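> Sending over a structure as structure tokens; questions will come in a sec.
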Amino acid sequence: MTAPPLDLSHHLSYATKNKKPSSVKGLYKYFQTPGIANLAGGLPHASYFPYDTLEAKAALPQRFESKDKKDAPFVRVTVPKESPTSDLTRKIDLTTALQYGTAQGYLPLTTFLRSFTRDHLHPNVPYVGGPEVLLTCGSTDGFAKAIEAFTNTWNPDRDWIQQREGVLCEEFAYMNAIQTVSPRGLNVVSVVMDGQGMLASGKGGLQDVLENWDFRRGRRPHLMYTVSTGQNPTGGTLSVERRKDIYALCQKYDVIIIEDEPYWNLQFPSAYEKTVHYRGSSSEPNLYTKNYNAEGKSSGYAYLDSLVPSYLSIDIEGRVVRLDTFSKTIAPGSRLGWITAQPAIIERLTRITEVSTQQPSGFVQSLIAEMIVGQPDDKSRKSSKHIASGWHMDGWVRWLEGLRAGYETRMQAMCTILEENKYLFHGSSEDHIDAWEVVDRMQMYEFIWPMGGMFVWVETRVDTHPLRSRYSPERLAQALWIHLAKKPHLCLVCPGSMFTATPMSAQKAYRYIRLSFAPMDADEVAPFTQRLVEGFRSFWLRKDLDGLGDEDAVDTLNSRSVNLLGNGC
């Protein structure tokens, strides 16, 4: 039997507790009253907006299924100046979209996302009433608002150490999140990881960190930031069993989970299969053998039912705040996303939004709403296969599944080449025994096939380099990065040091690099990766590190290198 979510208001910051509803925004709900004489709002008149329509040529959801990408199906999306419908949940036009609006977001898009979130993406949230949603200007904006809501700034020149709050995260984490937290004076506390992601138990795991917290550092952390699916930078995905263990610890120690999920739809079942094919077994479990909603309400789509579900699916107390974004499903420049959480938390985040961003861009919201939701059926409209009537829910899910297929193919292309070229085979032409050549095999790197996301986390094995006796592993790792970015290889990779959450993780960051299979054209993934492994080989054959010093790094960054960096959430 389900219960209401817990009251977690004791975790709210001082400022957030004291925020009042916007008196101006409170009037907005009356603006749409039929026949109202609006003498209250300082709203520019829509006839003075310089845009009469907003138009675009857009994809159909089945675009990824077309073999000829140049002749892929498309539609013309048009947001009119004014829609004749009186249904505000379907009224998509520039008159409303470009006007001042409420903090909840543009109603047609908010209505769609609320239905998608509650009925399809998270159909089995186990608390009474289920979650609510709030539109954001992307996940970074959503995270910044969550941090504002749940933490107080700490100043060492003003505040006692026992007042210092903290945030838990993976030992390698998304850099923007850490840079959002650090200036507020918060303790950033890292948790050790394995191939799936954050560890619940063991040395350095979540239980160890919370049980043995040193209160001389401040308060025990009450927030956890995590990317649990396609983790950035490692590509790991937590099993439901691991999530349950972590959630139980968060219950015990009263921790709120901020779950950042930009890659939730990019889960790759083939990663486990490929690992077993090449290596005989996998150290990680096969996460894609069942319908995750079989014991509850179905999402209505086999694809969604097959995905490892969110922490929300086990959130019996309402302590999960989930961040979603259109950056990976539509485009990063849309700067659009949404937060899902228990209603009381959404209400407080709404108060923050009212006096900050107010709501995302009306241009973006209306164009995405028109593409996905579409205009109400109107028999008077001209019918054409090139005039959009909206993707609707079926089309949206079909698009998400197509994206997964496209990125999974890229992942396979990159990882296959990495897998088949991990070793440098160095033979000596002078040493022969009965025509058998003596061959040395040196492993240059190791990696785990990513279960999701856009990245491959590679551990370099600089300890096997022939120059290891002359140079430190940190120096060799730095030289490798410069070597790869120089001609003839011209491969720009992301150093592991960019993702270190704490000084402890920084100590071993030199061993890692992050690769992305997302930014280049699909047919370039394999040849670019081949260039990369050739760069590894030539580096392992170097007799010295001449030309690979600190002073060469700037020149390297200015060269035209292949971008294997990728970007963040």
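> Please give the per residue accessible area of the stretch 204-294, computed with a probe of 1.4 Å over protein heavy atoms only, in Å². Mind showing how you got there, number by number?
Working: 3350 Å² over 91 residues.
For the stretch 204-294, the per-residue accessible area is 37 Å².
> Can I ask one more? Could you give the distance between the Cα centres of the stretch 243-285 and the stretch 37-66, to the whole Å?
Value for the Cα centre distance between the two parts: 39 Å.
> Hey, what's the stretch 1-139 come to in accessible area per residue, 1.4 Å probe, Å²? List each step's numbers first, then the result.
Values: 7980 Å² over 139 residues.
For the stretch 1-139, the per-residue accessible area is 57 Å².
> Average the reciprocal distances over every distinct pair of alpha-carbons in the chain, invert the result, and give the Kirkwood radius in Å.
Values: mean 1/r = 0.0386 Å⁻¹.
25.9 Å is the Kirkwood radius here.
> In addition: Could you work out the local net charge near C137, counting Lys and Arg as +1, Asp and Glu as -1, over the other residues with Cβ closer than 15 Å to its Cβ?
Values: positive: K145, R335; negative: D141, E148, D260, D324, E354.
After counting each charged neighbour, the total is -3.
> Rounded to whole Å and ordered largest first, report the semi-axes of the equivalent ellipsoid of the stretch 92-373 derived from its Cα gyration tensor (root of 5λ). Before the final figure, lay out the partial values.
On the way: eigenvalues 173, 144, 54 Å².
Over the Cα atoms of the stretch 92-373, the ellipsoid semi-axes are 29, 27, 16 Å.
> Could you sort D93, D141, D377 by accessible area so the largest value comes first, with the probe set to 1.4 Å?
D377, D141, D93
> Tally up the carbon and sulfur contribution to the accessible surface of the chain as a whole percent, 1.4 Å probe, everything protein left in place. Mind showing how you got there, number by number?
Working: 13530 of 26000 Å².
Answer for the chain: carbon and sulfur cover 52 percent of the accessible area.
> In this model, which of K19/K91; K486/K543; K328/K422; K244/K290; K145/K203 are farther than 22 Å apart at the alpha-carbon?
Pairs exceeding the cut-off: K19/K91; K328/K422; K145/K203.
> I've got another one for you. Take the alpha carbon atoms of the stretch 200-220, find their center, do the same for the stretch 148-175, and report the distance between the two centers in whole angstrom.
Result: 15 Å between the Cα centres.
> Then there is this: Please identify the helices of the chain, taking whole runs of DSSP H, that span at least 24 Å along their own axis as judged from the Cα atoms and have a mean Kyte-Doolittle score of -0.5 or higher. Display every interim value, and only then the final one.
Values: long enough: 392-420 (42 Å, -0.40).
What comes out of the filter, once short or polar helices are dropped, is 392-420.
> Here is a follow-up. Within the chain, which is the longest segment that contains none of the GluC sites (Glu not before Pro) sitting in a DSSP loop with at most 16 other Cβ atoms within 10 Å?
Details: sites that count: E82, E295.
Here the longest run is 296-569.
> For the stretch 80-237, rounded, prolate or oblate, judged on the Cα gyration tensor with a ≥ b ≥ c (square roots of eigenvalues), a/c < 1.5 rounded, else prolate if a/b > b/c?
Details: a/c = 2.72, a/b = 1.86, b/c = 1.47.
It is prolate, given that a/c is not under 1.5 and a/b is the larger ratio.
The values are calculated or read from the model by the stated rules, or taken from the named source; none is laboratory data. In this text the structure is predicted, and so the values were computed from the model without any measurement. Cβ atoms come from the backbone with ideal geometry, glycine included; neighbour counts cover every protein chain shown. The protein model used for the area step is the full one, side chains on, heavy atoms only, and it has no ligands, DNA or RNA in it. Shrake-Rupley method; radii C 1.70, N 1.55, O 1.52, S 1.80 Å.
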